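Read the structure below first, then the notes.
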Amino acid sequence: MKVLIMGCGRVGGRLAGLLDADGHEVTILDTDSFSFRRLSPEFNGTALVGNGTDAEVLKRAQIEEADVFVAMTQGDNRNVMACQIAQHIFNVPRVICRIYDPLRQELYASMGLESISPTTVFAEMFREKIVG
Amino acid sequence: MYIIVVGGGRVGYYLTKALLDEGHEVLLVEKNATICDTIIDEMGSICINGDGCEAVTLEEIGTGRADMLVAVTGDDEDNLVACQVAKYKFNVPRTISRVRNPRNETLFKKLGVDVAVSSTNIILEHIEEEVPTHPLTHLLAIEDSGHEIVEVKIPPEAATIGKSVRELSLPPATKLALVIRKKGRYRVPTLNTIIKAEDRIIAITTPESEEDLRYTLRGT
């Protein structure tokens, strides 16, 4: 699969490494090239500097050929905007969005955007740990 | 009207002031507490400190009964989300967003924002109008149809002068609507109309065809 990841933070960088090791074709975008230090030395994919909320940059990252687009930056709104560009402008078959704010995540999920709120997921996980 | 303004920067500040002067009920949402306090000191308690993209904040300020939400922060993504939350969660009838990147104007409209205003595009349009040598001026975008009305000026040295409209191969989805001649005389062009120097031709076209249209009419 061709996967385009926006945001090379801890999670984005790690996800890129995992998918790359699985043999997928990975491109990762970040506005700061310093973020690419998080990629493992074995990473064979492409790392590109650029802002994923700009359609031109996404085009340069070959979004048109991507099977999956994942938005993993720190900003909920940036992620939401980039995902909607991927979904509605470039018709990427699968788009997954990280949205920290649970209410915003619910809203965009109801609008047809596949999204995950780490806040909700982790809170529930920790509750499980604590009360079994 | 009850109007919510998101973003208390320079645009938001003057916009709020103008809307208040017009007698509207206005509430400004600003993230920065210091800016918020300054505005309250000056204009009274019309500013709330909070994030205008957050449903909780918008709930608190009664967005459900708002007639309009205007998002004018400096970040396009924040403006987009504020408008979408207002529109899809609170059913605000009209949402207006400022866009910094001119390309986002069409994108935002596609994503449900009623009006997207790009200051860059507005300034650019004015420059086009003011600079007489500009070969193609955008006069109007026809909403939803993807068409636009443009004006092409024929320079004295254009290769097309003396040719009839029939001889020109116009790009797809393009129609010549009006030819304006000296002294403000105008006519609706037919296939036999001859292109003359200094003609101003009003045409309906699409953004994709405008370069071709300019070339067809001016020869450059």
Original post:
In whole percent, what relative contact order does the range A:2-131 give with Cα contacts below 8 Å and a gap of six or more residues?
Top reply: 20
Subject >> Only Lys, Arg (+1) and Asp, Glu (-1) charged, at Cβ; the protein assembly as shown dipole about Cα centre in debye >> reply: 1120
Original post:
Can you give me the relative contact order of the range B:45-173 as a percent, contacts being Cα pairs under 8 Å and 6 or more apart?
Top reply: 14
Original post:
Got a sec? Charge dipole of the range A:16-105, +1 on Cβ for Lys and Arg, -1 for Asp and Glu; which of A:Pro41, A:Thr27, A:Ala82 is way out at the positive end?
Top reply: A:Ala82
Subject >> Proxy reagent accessibility, fewest Cβ within 10 Å first, across B:Leu20, B:Leu58 >> reply: B:Leu20, B:Leu58
Original post:
How big is the antiparallel share of DSSP beta bridges in the range B:25-150, given as a percent to the nearest 5?
Top reply: 25
Original post:
For B:Thr120, B:Thr106, what ranking results if the residue with the fewest other Cβ atoms within 10 Å of its Cβ goes first?
Top reply: B:Thr120, B:Thr106
Original post:
What's the exposure ranking of A:Thr46, A:Thr27, going from fewest to most Cβ atoms within 10 Å?
Top reply: A:Thr46, A:Thr27
Original post:
Summing -39500 (n - 2.57) over the DSSP H runs of n ≥ 4 in chain A and dividing by its residue number, what mean residue ellipticity at 222 nm do you reach, to the nearest 500 deg cm²/dmol?
Top reply: -12500 deg cm²/dmol
**OP:** Please state, as a whole number in µm²/s, the translational diffusion coefficient that the Stokes-Einstein equation yields for the range B:2-120 at 25 °C and 0.890 mPa s, with Rh defined as the Kirkwood radius across alpha carbon pairs.
**Re:** 177
Original post:
How big is the C-alpha Rg of the protein assembly as shown next to the rule-of-thumb value 2.2 N^0.38 Å, as a ratio?
Top reply: 1.23
Original post:
If contacts are Cα pairs under 8 angstrom and at least 6 residues apart, what is the relative contact order of chain B in percent?
Top reply: 14
Subject >> Within chain B: Cβ-based charge dipole about Cα centre, in debye rounded to nearest 20 (Lys, Arg +1; Asp, Glu -1) >> reply: 1460
Original post:
From the Cα gyration tensor of the range A:28-68, with a ≥ b ≥ c the square roots of its eigenvalues, which class applies: rounded if a/c is under 1.5, or else prolate if a/b is larger than b/c, or else oblate?
Top reply: oblate
**OP:** Could you compute the FRET efficiency for B:Ser45 and A:Leu103, with r as their C-beta to C-beta distance and R0 at 30 Å, rounded to 0.05?
**Re:** 0.70
Subject >> Helical contribution to [θ] at 222 nm, DSSP H n ≥ 4, -39,500 (n - 2.57), averaged over chain B, rounded to 500 >> reply: -9500 deg cm²/dmol
Subject >> Shielding by other protein chains, B:72-81, mean Cβ within 10 Å >> reply: 5
Original post:
Among B:Leu136, B:Phe108, B:Met68, whose Cα lies farthest out toward the positive end of the dipole of chain B, if unit charges sit on the beta carbon of Lys, Arg (+1) and Asp, Glu (-1)?
Top reply: B:Leu136
**OP:** At q = 0.20, 0.26, 0.28 Å⁻¹, what is the base-10 log of I(q)/I(0) for the range B:149-195 according to the Debye formula with one equal point scatterer per Cα and no solvent? Please give it to two decimals.
**Re:** -0.74, -1.27, -1.42
**OP:** Could you grab the Rg to Rh ratio for chain A? Cα atoms only, Kirkwood for Rh.
**Re:** 0.99
**OP:** Please state the charge dipole magnitude for the range B:129-218, taken about the Cα centre, from unit charges on C-beta atoms (+1 on K and R, -1 on D and E), reported in debye and rounded to the nearest 20.
**Re:** 760
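We did not get these values from a lab; they are worked out from the coordinates using the rules stated. The model shown is predicted, which means the values in this text are computed figures rather than measured ones. Neighbour counts run over all protein chains shown; Cβ positions are idealised from the backbone, glycine included.
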